[in-house]
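Below: one structure, written as structure tokens.
The values are calculated or read from the model by the stated rules, or taken from the named source; none is laboratory data. Small disclaimer: the values here were computed from a predicted structure and weren't measured. Neighbour counts are summed over all protein chains in view; Cβ atoms, including those assigned to glycine, are modelled from backbone coordinates with ideal geometry. We work out accessible area using only protein heavy atoms, side chains counted, and drop any ligands, DNA or RNA first. Shrake-Rupley method; radii C 1.70, N 1.55, O 1.52, S 1.80 Å.
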Amino acid sequence: MGIKLYYTTVTASRTVKSQQAEVMRILESKSIQYDLIDISVGREVCEEMRSKAGNPAAVPPQLFNEDQYCGDYEMFSEAVEDDTVDQLLKLA
């Protein structure tokens, strides 16, 4: 199983940029390997992310374990505070 992080390289939103960077930094600090999937490469990738997340308005960052939805930035941030990142990412 592998963690997938849907993100974007093209955004004017400072919030999205900082959230993406924070998620990546925390995953790396916990030595959790992940694959990056850039939704800016095509509309179909963005639609795939939203479909898998079950939210037609979902914005990056979005986390998955393979195709199983794990959460968005808010859920990840709460898991970091509660020290439950492994459970959120379905690694435990």
Would you check the accessible area of Ile26, probe 1.4 Å, heavy atoms only, in square angstrom rounded to 10? 20
Tell me the label only: which of (1) 58; (2) 61; (3) 19 is percent of Cα pairs over 22 Å apart as calculated from this structure? (3)
Just the number, please: carbon plus sulfur as a percent of the accessible area of the chain, 1.4 Å probe, no ligands or DNA/RNA counted. 46
Just in region 50-92: which GluC sites (Glu not before Pro) are loop by DSSP and have at most 16 other Cβ atoms within 10 Å? Glu66
Region 7-18 - phi-based ³J(HN,Hα) in whole Hz, Karplus 6.51/-1.76/1.60, Gly and Pro as x: 9, 9, 8, 10, 7, 8, 7, 5, 4, 4, 4, 5
Can you give me the accessible area per residue for the chain, using a 1.4 Å probe, in Å²? 58
Which of rounded, prolate, oblate describes region 45-92, given a ≥ b ≥ c as roots of the alpha-carbon gyration tensor eigenvalues and a/c under 1.5 marking rounded, otherwise prolate only if a/b is larger than b/c? oblate
Would you calculate a helix-derived [θ] at 222 nm for the chain, using -39,500 (n - 2.57) for each DSSP H run of n ≥ 4 and dividing by the full residue count, to the nearest 500? -13000 deg cm²/dmol
Which of Ala21, Ala12, Ala58 moves the most in a Gaussian network model of the chain with Cα springs under 10 Å? Ala12
Descending accessible area (1.4 Å probe), largest on the left, turns Met49, Met75, Met24 into Met75, Met24, Met49
